[in-house]
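**Student:** This is the structure I want to talk about, given as C-alpha cells.
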C-alpha cells in the first residue's frame, strides 16, 4: 500500500468545526486526569479510521472517552512491565559495564516504542486492557504487513521532524509556547491517522 503523508498532516483539520475540536483537545491535554479524555478520543478516531470513516469524532460522550483513555493508560503500563523487568535484570547483571547497560536499555526502549504501535491497533478494535499485551496478534499483523510497517515507521519519523520543528519555532516566543499543547494534540491525530492507514494493510484485521 502507499501512505498519504499529506493526508495525515491534514487530519486535525479534516472536519467542519475542526478549530473547536482542536481547542478542546489542546486544553484537555494540559489538565491532569482530564487528559485521559484526549487519549480516548484518539482511540475512537483510530477505530473510525479502521472502519474506513475518515473524519474526526465528536467530543459528545466525555465519560466514555475518559474510560477508554484510562483503560489505554492501564494497558500501556501492563505492556511496559516485561520490558521494565528486562531492563532491571540487565542493569543488575551489567553493573560493571554501565555503557553496555545504557546501550541495551536504549535498544529495549526503542523496541518497546515500536512494538506498541500494533498494540494500539489491537486496543482500538475492542478497547480491552489485555489487548495491549496481545503479542501474538500483533506479531501476526507484522508478519503479514512488515513492509508497510517499516514504511509507516519512516513516515512517523518524518511526522515527528515536521511537528518538532514547528514546536521549536513556536517555543521562541511566549505566544508560540501557548500553541504547543495544541500542536502536540494535532501531532497525535496525525500519528493515529498513519496508524489507521497502516491498519488497512493488515489482511487478517478483524473489527
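**Student:** With the contact rule set at Cα under 8 Å and sequence spacing of 6 or more, what percent relative contact order holds for the range 5-199?
**Tutor:** Relative contact order of the range 5-199: 32 percent.
**Student:** Using Cα atoms only, what is the angle between the long axis of helix 174-199 and the major principal axis of the chain, expressed in degrees (0 to 90) to the nearest 10?
**Tutor:** Helix 174-199 sits at roughly 70 degrees to that axis.
**Student:** Bin width 10 Å, origin at 0, all Cα-Cα pairs of the chain: what percent of pairs per bin?
**Tutor:** All Cα pairs, binned at 10 Å, distribute as 8, 30, 36, 20, 5, 0 percent.
**Student:** In addition: Using only DSSP helix segments of four residues or longer, with each worth -39500 (n - 2.57), what per-residue ellipticity at 222 nm results for the chain after dividing by its residue count and rounding to 500?
**Tutor:** The helix-only estimate for the chain comes to -26500 deg cm²/dmol at 222 nm.
**Student:** Can you give me the angle between helix 62-93 and the longest principal axis of the chain, using Cα atoms only, in degrees from 0 to 90, rounded to the nearest 10?
**Tutor:** 20
**Student:** Angle between the Cα long axis of helix 35-50 and the longest principal axis of the chain, 0 to 90 degrees, nearest 10?
**Tutor:** Here the helix axis deviates by roughly 90 degrees.
**Student:** How would you rank 69-80, 155-166, highest first, on the average number of other Cβ atoms within 10 Å across their residues?
**Tutor:** Top of the packing list down: 69-80, 155-166.
**Student:** Sorted by mean Cβ packing within 10 Å, highest first, what order do the peptides 144-153, 107-116 take?
**Tutor:** 144-153, 107-116
**Student:** While we're on this one: Full extension from residue 130 to residue 7: what is 0.36 nm times the residue separation minus their Cα-Cα distance, to one decimal in nm?
**Tutor:** 41.2 nm
**Student:** In the range 55-83, whose amide N lies under 11 Å from the spot 7 Å out along Cα-to-Cβ of residue 108? List them in ranges.
**Tutor:** Hits in the range 55-83 for residue 108 at 11 Å: 81-83.
**Student:** Can you tell me the FRET efficiency between residue 166 and residue 61 if r is taken as the Cβ-Cβ distance and R0 is 30 Å, rounded to the nearest 0.05?
**Tutor:** 0.45
Read the figures in this text as sums done on the coordinates, not as results from a lab. This is a predicted model, so every value here is computed, not measured. Glycine gets a Cβ as well: all are built from the backbone with ideal geometry, and neighbour counts include every protein chain shown.
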